[in-house]
1. Could you tell me which of the residues R45, R67 is within 14 Å of the ligand (Cβ to nearest atom) and either out of contact with any His (no Cβ under 8 Å at 6 or more places or on another chain) or over 24 Å from A241 (Cβ atoms) (or both)?
2. If the Cβ limit is 7 Å and pairs must be 6+ apart or interchain, which residue in region 152-168 that is closer than 14 Å to V88 by Cβ and hydroxyl-bearing (S, T, Y) pairs with which residue that is within 10 Å of the ligand (Cβ to nearest atom) and in a strand (DSSP E or B)?
3. Quick test for you: out of T226, T267, pick the one residue that is among the polar types (S, T, N, Q), over 25 Å from T19 (Cβ atoms) and at pLDDT 95 or above.
4. I'm told A218 meets every condition in (1) in contact with a Pro (Cβ under 8 Å, 6 or more places away or on another chain); (2) surrounded by 18 or more Cβ atoms within 10 Å (Cβ to Cβ) except one. Can you identify the failing condition by its number?
5. Output yes when any residue across region 71-89 is without any contact (Cβ under 8 Å) to a residue 40 or more places away in the chain and within 12 Å of the ligand (Cβ to nearest atom), and no when none is.
6. Which count do you get for residues in region 29-51 that are within 22 Å of L119 (Cβ to Cβ) and either under 20 Å from the mean Cα position of the chain (by Cα) or without any contact (Cβ under 8 Å) to a residue 40 or more places away in the chain (or both)?
7. Going by the conditions given, is E74 among the acidic types (D, E), part of a helix (DSSP H, G or I) and buried (at least 20 other Cβ atoms within 10 Å of the Cβ)?
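The values are calculated or read from the model by the stated rules, or taken from the named source; none is laboratory data. Just so you know, these numbers come straight off a predicted model, no measurement behind them. Note that each Cβ is placed from the backbone with ideal geometry, even for glycine, and that neighbours are counted across all protein chains shown.
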Amino acid sequence: MSGAERPELAAVPETALWTLWQRAVEARRPDALLHDPKAVELVDRIDFPFAERFGTSGLQSRLQALRVGCFDREVADFLAREPRGTVVCLGEGLETQYWRVDNGRAQWLSVDLPEATELRERLLPPGPRQRYLAADATDLTWAEAVDRDRAVLITAQGLLMYLPPARVRELIAACAERFPGGSLVLDAVPRWFARLTRTGKMRTSGYQAPPMPWAMDARERDKLRTASPAITAVRDVRPTADHGPLASLLPLTLTVPPLAGHRPTVTVLDFATRA
Ligand SMILES: C[S@@+](CC[C@H](N)C(=O)[O-])C[C@H]1O[C@@H](n2cnc3c(N)ncnc32)[C@H](O)[C@@H]1O
């Protein structure tokens with residue numbers, strides 16, 4: 001712990017430190033599934049007992065890397081199609097995705113609660129194409145900050161599970177209706193996992209994850225379409241690993257029941273273009 005920044009965050013914003021730590025743990029591995037030097041640098045600069053509080057589980061860092069890989073791939077594909085597009089990152093915390101996939105031309109809007117945004121501003125000062133907004137993602141005021149002349153991709157990575165189910169549905173519907181032709185990439189934890197967080201049984205290395213009110217099993221994915229008639233397509237984003245034991249295990253966990261139906265998921269929702 002050599003850094004000067006000593007964050008003291010409430011339980012949900014603190015989860016941004018957990019995901020940052022997992023990315024750094026993974027990125028430090030010689031056989032890393034994720035290249036994230038900015039996360040490693042940040043962890044070194046922050047005065048926080050990461051290892052003590054969150055542990056150093058290789059399994060967690062690998063799982064986190066798989067999720068991050070899904071989001072990075074979707075953002076990179078979007079930027080390949082729309083190099084001058086806008087990426088809106090809801091609940092971005094201390095994500096370092098900009099440093100992994102930016103193309104030098106896109107606009108980036110980061111939305112998070114005030115305490116997380118203030119920390120992000122101090123640790124990762126925004127560049128000329130980045131804007132940070134301290135706001136509740138479920139209150140669509142952030143939508144006013146999005147340039148309507150550019151294509152839009154919205155991401156909600158590690159966010160929706162902390163919201164009440166009705167707010168998740170409202171947020172998805174509002175995005176579909178406010179961003180014609182846009183898309184939303186979101187992830188969900190399965191119901192069994194959320195249940196463990198709500199009964200205080202999701203403890204790893206002494207750390208207890210905050211309760212997760214919203215969850216979705218993989219087989220329920222298509223129900224997301226019912227949030228709004230403006231949702232035109234629902235697509236599963238499958239994690240990939242190009243080396244190590246996960247390379248052969250993943251295809252099994254993604255296809256063989258009951259694992260396949262009860263795994264964490266990443267999903268893309270496409271929105272109708274306005275008639
Ligand atoms: C698990 S962290 C994920 C951070 C980042 N997306 C990542 O994957 O590393 C959850 C983030 O969601 C933010 N968050 C929770 N509720 C929010 C809300 N209502 N509006 C905006 N951000 C929220 C937290 O402050 C935190 O930064």
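1. Only one candidate passes the filter, namely R67.
2. Cβ pairs passing all conditions: T155/C89; T155/L90.
3. Only one candidate passes the filter, namely T226.
4. (2) is the only condition that A218 fails.
5. Yes: region 71-89 contains one or more residues that are without any contact (Cβ under 8 Å) to a residue 40 or more places away in the chain and within 12 Å of the ligand (Cβ to nearest atom).
6. Number of matching residues: 11.
7. Against the criterion (among the acidic types (D, E), part of a helix (DSSP H, G or I) and buried (at least 20 other Cβ atoms within 10 Å of the Cβ)), E74 qualifies.
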